[in-house]
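Here the structure is laid out as structure tokens; the discussion comes afterwards.
The values are calculated or read from the model by the stated rules, or taken from the named source; none is laboratory data. All of these numbers come straight from a predicted model, not from anything done at the bench. When we count neighbours, we look across all protein chains shown, and the Cβ atoms used for this are built from the backbone with ideal geometry, even at glycine. Areas reflect the complete protein model, heavy atoms only, side chains present, ligands, DNA and RNA absent. Shrake-Rupley method; radii C 1.70, N 1.55, O 1.52, S 1.80 Å.
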Amino acid sequence: MALTSSAARPYHIIIFGASGFTGQFVVEEVARTSAEGPRGAVRWALAGRSRAKLDKVLEQASEALGKPELKSEVDIIVADVGEPDSLAAMCKQGVIVLNCVGPYRFYGEAVVKACVENGAHCIDICGEPQFLEGMQLNYHSQAADKGVYIVGSCGFDSIPADLGVLYTRDQFKGTLTAVESFLTASTGPEGGCIHDGTWQSAIYGFADSGKLRSLRKKFDHKPLPVVGAKIKRRSALFFSDEIQQYSVPFMGADPSVVKRTQRFLAEEHNKTPVQYGAYAGIGGITSVIKLLFAGMMFWFLVKFSFGRNLLIKFPEFFSFGFFSKEGPTRKQLEGSSFRFAFFGEGYTEGQDPSQGKPNAKIRTLVQGPEPGYVATPIAMVQAAITMLNEPNSLPKKGGVYTPGAAFANTTIIDRLNNHGIQFSTFLSKPNSHE
């Protein structure tokens, strides 16, 4: 399918769920980058349940960006996940739907189904492995038949990690066999927090972890071959020499997404699969104590219905202020940033990966602005801009893809670099991280 708008599809991009907390920032990012579309223009519209709320979103965006013309130039489509006909009508009008309506486990499948059935491509910012893998299981074949691309986890989950691994592989002179990533985040004097929509997704995700295991069995995947030394799993809490702070395994979608990308590249393009371990730095001993206390409460409460209700009702209390119903302020967003450090190892050119231990290491960085509401809209919108401008660089067939599988052969990393999500390399030396 050609990724251009036409009389039949008047919009390149439709932002569905534009009146949600994240949706507002996605609207502003599309407005900033609309000149980057095909022939220098993106035709776009907002969609959601309430026309009044969407009008307010446009008003806020026009004030924030100093673009009063948005109120008259950007159209509004009324659509509701509970009304399939409205979703179908929306999807028939757009080339790409940016789906911002979460938690995706409750509201995402109806949008994927409508996109596949009505020929619209779909990009989401989901960080829920059960939803992402379920959509691949249930819709990949149908999407392939229709020539539709469904690309999940195109926000902070999991573009920095997934593309960071591919970037590290591409920068490594030889065969990269394993990568560990360490995420750290910082806030300014105003502090920071995350909107409780992400908190809710985490609650339901942990409560349903058993279903994810049974879902994975349905794929009947053969284990990916291990090339080079097998990566060692770290403990649940450890002091990282790499980033000089206490760290824990990263609990988000990144490991799942990266593994799916590596499987696709190995099976479809005969690439050497890269083993991956994901970790997050949590700071010093005070942070460790807070995390242990909050973690114990969370693990206990998430198992029971009444406990989940408490967690959802009081996110600030149970997360020590890390999550809130109001979300961060604009000043908090301005002072926040993230940094992924990737430590890779492999075999230099001419070395046989089946013989001996890896003999070279590499370190790369992906860093950028506040992850949830600045970096996420940038990543999501650049995924859409890439899809619109580089259709011939996408996989040959439609389907349900990870960002790495969809965009491995595109210039998306260059586009992200130009928008403040920076990919960079430290020179690699044999048996050295620096």
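Observations on the structure shown:
- Whether a residue is under 22 Å from SER256 (Cβ atoms), open to solvent by 30 Å² or more (accessible area, probe 1.4 Å) and of a type in the set (Val, Ile, Thr) was assessed, and VAL226 passes this test.
- Residue within the range 252-260 that is open to solvent by less than 50 Å² (accessible area, probe 1.4 Å) and over 16 Å from the mean Cα position of the chain (by Cα) present: no
- For the range 274-299, filtering for residues that are closer than 21 Å to ASP254 by Cβ and open to solvent by 50 Å² or more (accessible area, probe 1.4 Å) leaves 2.
- Residues being open to solvent by less than 30 Å² (accessible area, probe 1.4 Å) and modelled with pLDDT under 95 - total across the range 155-173: 1
- Remark: pairs (first residue in the range 320-335, free of Cβ contacts under 8 Å to residues at least 40 places away in the same chain; second residue open to solvent by less than 30 Å² (accessible area, probe 1.4 Å) and not polar (S, T, N, Q); Cβ separation under 8 Å; 6+ apart in sequence or on different chains) = PHE320/ALA294.
- Only residues that are in contact with a Ser or Thr (Cβ under 8 Å, 6 or more places away or on another chain), at negative phi and not aliphatic (A, V, I, L, M) were counted across the range 158-187, and they come to 13.
- Looking only at residues in the range 343-370 that are more than 17 Å from TYR167 (Cα to Cα) and at pLDDT 95 or above, the one that is surrounded by the fewest Cβ atoms within 10 Å (Cβ to Cβ) is PRO369.
- Looking across the range 182-222, not a single residue is touching a residue at least 60 places away in the same chain (Cβ under 8 Å), within 23 Å of GLU267 (Cβ to Cβ) and either among the small types (Gly, Ala, Ser) or touching a strand residue (DSSP E or B) at 6+ places or on another chain (Cβ under 8 Å) (or both).
- Here GLN60 passes the criteria (1) in contact with a strand residue (DSSP E or B) (Cβ under 9 Å, 6 or more places away or on another chain); (2) touching a residue at least 12 places away in the same chain (Cβ under 8 Å); (3) polar (S, T, N, Q) except the one numbered (1).
- The single residue among ALA185, ALA143 that is modelled with pLDDT under 95 and of a type in the set (A, V, I, L, M, F, W, C) turns out to be ALA185.
- Verdict on ASP162 being part of a helix (DSSP H, G or I), within 30 Å of THR184 (Cβ to Cβ) and touching a Gly at 6+ places or on another chain (Cβ under 9 Å): yes
- Selection of the range 294-342 for residues being charged (D, E, K, R), outside any strand (DSSP E or B) and within 30 Å of LEU163 (Cβ to Cβ) yields ARG330, LYS331, GLU334.
- Comparison of ILE412, ILE421 shows that the only residue that is closer than 14 Å to THR261 by Cβ, open to solvent by less than 10 Å² (accessible area, probe 1.4 Å) and among the β-branched types (Val, Ile, Thr) is ILE412.
- Test: residue in the range 379-399 that is under 28 Å from ASP241 (Cα atoms) and polar (S, T, N, Q): no
- Annotation: of all residues in the range 179-193 being touching a helix residue (DSSP H, G or I) at 6+ places or on another chain (Cβ under 9 Å) and buried (at least 20 other Cβ atoms within 10 Å of the Cβ), the one that is farthest from PHE314 (Cα to Cα) is VAL179.
- Residue in the range 326-336 that is nearest to GLY197 (Cα to Cα), counting only those that are open to solvent by 100 Å² or more (accessible area, probe 1.4 Å) and not acidic (Asp, Glu): ARG330
- Per the listing GLY82, GLY66, GLY17, GLY108, the residue uniquely free of Cβ contacts under 8 Å to residues at least 60 places away in the same chain and at positive phi is GLY66.
- Pick from the range 142-154, criterion in contact (Cβ under 8 Å) with a residue 60 or more places away in the chain and either assigned to a strand (DSSP E or B) or among the polar types (S, T, N, Q) (or both), ranking: surrounded by the most Cβ atoms within 10 Å (Cβ to Cβ): SER153
- Any chance PHE306 is open to solvent by 30 Å² or more (accessible area, probe 1.4 Å) and modelled with pLDDT under 90: yes
- In the range 57-64, the count of residues that are charged (D, E, K, R) and within 24 Å of the chain's Cα centre (by Cα) is zero.
- At least 1 residues being open to solvent by 40 Å² or more (accessible area, probe 1.4 Å) is the threshold, and among the strands (runs of 3 or more DSSP E) wholly inside the range 31-114 those reaching it are 75-78.
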